[in-house]
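In what follows, a single structure is set out as structure tokens and then discussed.
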Amino acid sequence: MYKIVTAEKFLWEGLNLDGKQVLEGGTSWGNTIDLIASKVRENGWKTNLISVDIDDSHFNEIENRVKGTFQDLSLRKADLSDLSFVSSETIDIIICNYTLASVNQFPLRAIKVLKEFYRVLKVGGKLLITEEMPIWSVDSNEYEYWSKRLRIIKSISVLKAMAYFNEIHPKDLEEALTIVGFNHLQWQEFKEKIDAELATRFLDKRKQTLIKGRDDIHNQQLTNGFVEVTEKLIKEFENAKEFSAPAYIMKCIK
Ligand SMILES: C[S@@+](CC[C@H](N)C(=O)[O-])C[C@H]1O[C@@H](n2cnc3c(N)ncnc32)[C@H](O)[C@@H]1O
């Protein structure tokens with residue numbers, strides 16, 4: 001799991017979810033729901049949570065894990081760019097972690113998501129976004145493993161004509177949020193600690209996609225070459241255990 005370590009303090013500073021209606025964007029495996037749930041338990045808050053993801057494959061296990069924690073919990077399978085099941089100006093706080101780069105696989109959809117976030121938030125409501133920082137250079141000295149991993153995942157995706165995550169630079173996100181109407185923007189960069197074993201799982205998934213569709217590329221050498229570099233990196237990860245990745249948190253208010 002991509003565990004937030006250094007950023008936690010910045011994210012939770014001045015945040016009180018008691019009596020609040022919270023919306024989480026990008027449920028996925030529930031890392032952020034677990035984080036919110038532990039804060040709710042720790043503080044004895046009465047919080048309503050709606051969490052939205054286009055993929056509902058982890059909903060059941062998450063519901064079992066956090067049973068009884070929230071005053072009300074609703075996991076919804078939907079596209080964040082269309083929150084028509086949420087009335088305008090009914091949400092106090094939106095938390096969206098590591099999801100906009102995924103939405104941004106389809107250019108401009110992230111803008112639609114920000115517009116929906118703005119619509120459903122109450123005036124004075126807060127939006128908190130955590131995202132991966134884009135790395136433009138393929139061999140970043142500071143983030144050696146992370147940049148190698150990104151290069152392989154994205155190269156395989158291009159080879160297979162699959163969509164892939166497009167990380168958004170905080171300055172561009174800041175501009176987009178301002179255009180949509182958000183105020184009081186502040187952001188901070190930080191180093192994320194990545195668990196090597198979990199980072200490997202996604203890499204391995206891409207390798208399996210490549211192997212399964214061996215004939216898609218019509219070049220066995222190319223396929224074998226990518227399988228080889230992926231396996232080499234997975235071996236490097238086995239020794240690393242943990243490594244750094246660049247990320248940032250953006251906060252703003254409607
Ligand atoms: C990296 S995961 C999010 C991690 C999660 N927030 C956490 O903290 O555990 C990205 C998620 O975004 C979801 N996603 C991508 N595009 C989406 C969209 N347009 N609407 C809703 N969910 C979307 C994916 O299905 C995936 O589960």
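The values are calculated or read from the model by the stated rules, or taken from the named source; none is laboratory data. All values derive from a computational prediction rather than experimental measurement. With ideal geometry, Cβ positions are generated from the backbone for all residues, glycine too; neighbour counts draw on all protein chains shown. Protein only, heavy atoms only, side chains kept; ligands, DNA and RNA dropped before computing areas. Shrake-Rupley method; radii C 1.70, N 1.55, O 1.52, S 1.80 Å.
Things to note:
- Placing R0 at 25 angstrom, the Cβ-Cβ distance between Arg151 and His218 gives a FRET efficiency of 0.65 after rounding to 0.05.
- With bins 10 Å wide beginning at 0, the percent of Cα pairs of the stretch 58-118 falling in each bin runs 18, 45, 33, 5.
- Nearest-ten-degree value, helix 170-180 long axis tilted from longest Cα axis of the chain: 40
- Within the listed set Leu75, Leu210, Leu108, the residue fluctuating most in the Gaussian network model of the chain (springs between alpha-carbon atoms under 10 angstrom) is Leu108.
- Calculated FRET efficiency for the pair Asp172/Ser57, C-beta based, R₀ 35 Å, to 0.05: 0.70
- Mean separation of Cα contacts under 8 Å, 6 or more apart, over the residue count of the stretch 64-168: relative contact order %: 33
- Qualifying lysines (Cα of each under 20 Å from Cα of Lys235; at least 8 residues distant if same chain): Lys148, Lys154, Lys193, Lys205, Lys207
- Annotation for the stretch 186-246 versus the stretch 128-174: alpha-carbon center distance of 12 Å.
- Once Rg and the Kirkwood radius are both taken over the C-alpha atoms of the chain, their ratio Rg/Rh works out to 0.98.
- Residue-level accessible surface for Lys251, protein heavy atoms, 1.4 Å, Å²: 20
- Candidate lysines for bridging to Lys122, where Cα separation is under 29 Å - those fewer than 8 sequence places away on the same chain excluded: Lys9, Lys20, Lys39, Lys46, Lys67, Lys77, Lys112, Lys171, Lys251, Lys254
- Normalised contact order of the stretch 2-253, rounded percent, pairs of Cα under 8 Å and 6 or more residues apart: 22
- Crossing angle, helix 109-120 versus the chain [Cα axis fit, 0-90 degrees, rounded to tens]: 10
- The angle separating the long axis of helix 220-240 from the principal Cα axis of greatest extent in the chain is about 60 degrees.
- With an a/c value under 1.5 for the gyration tensor axes a ≥ b ≥ c computed over the alpha-carbon atoms, the stretch 6-99 is described as rounded.
- Among Val229, Val180, Val113, the residue with the largest mean-square fluctuation in a Gaussian network model of the chain, with springs joining Cα atoms closer than 10 Å, is Val229.
- For the stretch 19-74, applying the loop criterion from DSSP together with a ceiling of 16 other beta carbons within 10 Å to the chymotrypsin sites (Phe, Trp or Tyr not before Pro) yields Trp29.
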